[in-house]
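The values are calculated or read from the model by the stated rules, or taken from the named source; none is laboratory data. Just so you know, these numbers come straight off a predicted model, no measurement behind them. Here the Cβ positions follow ideal geometry from the backbone for every residue, glycine too, while neighbour counts run over all protein chains shown. Just the protein is used for accessible areas: all its heavy atoms, side chains included, with ligands, DNA and RNA removed. Shrake-Rupley method; radii C 1.70, N 1.55, O 1.52, S 1.80 Å.
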Amino acid sequence: RPPAEEEEEAEVRWQEKLFSQFEVDLYQNESACQTPLDLQYREEILKLEKAGGRKNCRIFTYTDRDRFTNLEELCQRVTDSDHEVPSYLAERMANVRRRRQDRRPIEASSLKSKIITWEPSEEFIKNNHVINTPVQTMYIMGDLGPYGKLGHREYERVLCTIKVDGNGVMTVKPDFTGTKGPYRIELDEEKREVWKYTIENASVQVQPEEEEREQRVFRDLYSRHKECLSGLVGSEFESSLCGNERLKFILFSVSAQGYEYDNLYVHFFVELPNQWSSPAFQQLSGVTQTCATKAVGWDNVAYFCYLFTLDMFFTQGDESGDSLPQWPVLYFEVLSLDFWERYRVEGYGSLVLPAFPGLHVLTIPTWRPVELGTVAELRRFFIGGSPELEDITYVRTPSAFKGERLSRLGFRTKTTGSVTFRLYCLQQSKAFLETSAPRQRMQSVLDRLGGSSQQSSVYSVLEAFQRARRRMQEARESLPQDLTSTSASAV
């Protein structure tokens with residue numbers, strides 16, 4: 001082979017068409033031109049022939065408009081297995097036209113009024129449930145056929161793939177060579193030929209003035225985009241705390257287990273004591289979906305995974321902090337629903353919301369009221385229904401109770417299953433924002449907000465006293481009997 005044929009260098013611009021020997025031979029035949037693009041390529045090839053022929057030899061390109069690009073995107077594989085079966089997402093992605101999509105401009109008013117499509121069509125689901133960002137693609141190819149036998153499709157190899165999506169992100173695969181060694185392509189032929197090539201960025205460096213002008217354009221674009229989003233979303237958000245402290249709970253009703261009947265659902269509500277408030281749009285109650293149980297070990301468990309967000313504000317009236325504030329309580333009842341739409345109360349329970357930020361996983365046991373006799377159980381089994389609480393706050397201290405002692409003598413209940421909650425607590429306070437606030441004030445805020453922290457400190461002292469007392473009793477019991485009797489008589 002002549003030495004000049006062993007090496008070739010070509011500078012390729014974005015979407016620049018360099019014809020291969022196969023295309024030159026193909027489009028010179030007018031009967032092979034079937035589309036307007038083929039006729040355009042034929043005219044360009046004839047002009048090149050009159051001007052002395054093409055300058056490139058082995059290196060050529062396929063642009064975004066060529067048929068090769070469509071076929072290459074459609075036939076891409078995820079693995080190198082010969083028996084690969086396309087997944088559902090791969091099939092849907094193959095049917096979506098990702099390139100050169102015509103998008104009509106959407107007015108701001110229409111976008112604001114149709115943020116949610118309540119009745120999506122099949123075409124809407126097809127186009128929006130997959131990644132369909134418009135992409136332009138270009139392939140830099142190499143004709144690696146033997147010398148003197150150029151123009152055979154079986155010797156064409158992809159040297160580099162360049163993609164630019166609608167967001168302006170450019171992807172070059174493989175990457176620019178840089179300090180790495182050249183890429184290698186081995187042909188499984190008789191002579192086992194090895195071709196090496198490098199990819200370099202030949203773009204002209206941007207001048208500082210142009211770069212500064214580009215940054216100004218970007219800043220202007222981003223500011224307008226921000227104003228557009230602000231107009232769509234609106235400004236109906238609070239700019240400051242409504243109270244002294246703020247708590248935000250993200251609550252998951254994870255599971256319910258150990259109940260008598262199937263198809264369970266949970267009805268719950270949150271009671272806010274004095275000095276607590278919530279936004280006007282905040283919902284303080286909810287109902288989970290009906291969930292069928294599954295056998296896990298010895299129990300039948302219903303997994304709800306129900307999400308509920310609660311935003312509350314606490315305003316401290318007495319700055320002295322001597323009185324402990326009441327804490328919000330979550331009341332809930334577990335019910336079952338059978339095939340005949342008969343519901344039964346399976347259990348009542350309550351949960352005092354945690355006073356400390358972080359993750360909390362709590363399992364709350366429940367109970368339900370019962371009546372004596374067989375008739376009540378027969379009524380519950382055949383026609384549904386069971387004794388219910390008129391006021392669900394009777395689970396703890398009723399809200400209407402004003403006395404000093406609450407007696408439940410004669411009230412019969414039965415232990416049932418339990419409900420597991422997963423809570424994420426976020427805490428915000430104005431005092432936390434003040435960097436100059438003294439450390440004692442920060443601690444007082446935590447103690448005042450988390451009233452249970454003061455109670456827990458009292459409980460810790462009592463528990464330490466009980467442990468010390470038990471140790472003294474154990475030490476007394478371990479002494480000889482005559483010594484303890486002598487000391488007791490001496491006393």
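Legend: distances between Cα atoms for Lys17/Lys55; Lys149/Lys196; Lys173/Lys226; pairs beyond 24 Å are Lys173/Lys226.
Antiparallel DSSP bridges in segment 302-426: what percent, to the nearest 5? Restricted to segment 302-426, the bridges split so that about 100 percent are antiparallel. Annotation for segment 363-398: GluC sites (Glu not before Pro) lying in DSSP loop with at most 11 further Cβ atoms inside 10 Å of their Cβ are Glu390. Using θ = phi - 60° in the Karplus curve 6.51 cos²θ - 1.76 cosθ + 1.60, the 3J(HN,Hα) couplings for segment 374-383 round to 7, 4, 5, 5, 5, 4, 5, 6, 8, 10 Hz; x is entered for Gly and Pro. Heavy-atom accessible area for Lys226, with the other protein chains in place and a 1.4 Å probe, reaches approximately 140 Å². 3J(HN,Hα) along segment 199-208: 10, 10, 8, 9, 5, 6, 5, 6, 6, x Hz, from the Karplus curve 6.51 cos²θ - 1.76 cosθ + 1.60 with θ = phi - 60°, whole Hz, x for Gly and Pro. By accessible area, using a 1.4 Å probe on protein heavy atoms only, segment 347-394 has 66% of its surface on carbon and sulfur. Entry note, segment 270-399: relative contact order of 21 percent, from Cα contacts under 8 Å with a spacing of 6+ residues.
Sorted largest first by accessible area at a 1.4 angstrom probe radius, with every protein chain in place, the residues Ile116, Ile45 fall in the order Ile116, Ile45. Rolling a 1.4 Å probe over the protein heavy atoms gives segment 365-419 an accessible area of 72 Å² per residue. Ordering Lys50, Lys414, Lys149, Lys55 by accessible surface, largest first, gives Lys55, Lys50, Lys149, Lys414; the 1.4 Å probe counts only protein heavy atoms, with every chain in place. A straight line joining the Cα centroids of segment 3-36 and segment 368-403 runs 85 Å. For Val206, the accessible surface of its heavy atoms amounts to roughly 80 Å² (probe 1.4 Å, protein chains only, rounded to the nearest 10). Ordering Ile59, Ile250 by accessible surface, largest first, gives Ile250, Ile59; the 1.4 Å probe counts only protein heavy atoms, with every chain in place. Accessible area per residue was computed with a 1.4 Å probe on protein heavy atoms; Leu389 scores about 30 Å². Normalising the average separation of contacting C-alpha pairs (under 8 angstrom, six or more residues apart) by the number of residues puts the relative contact order of segment 266-316 at 43 percent.
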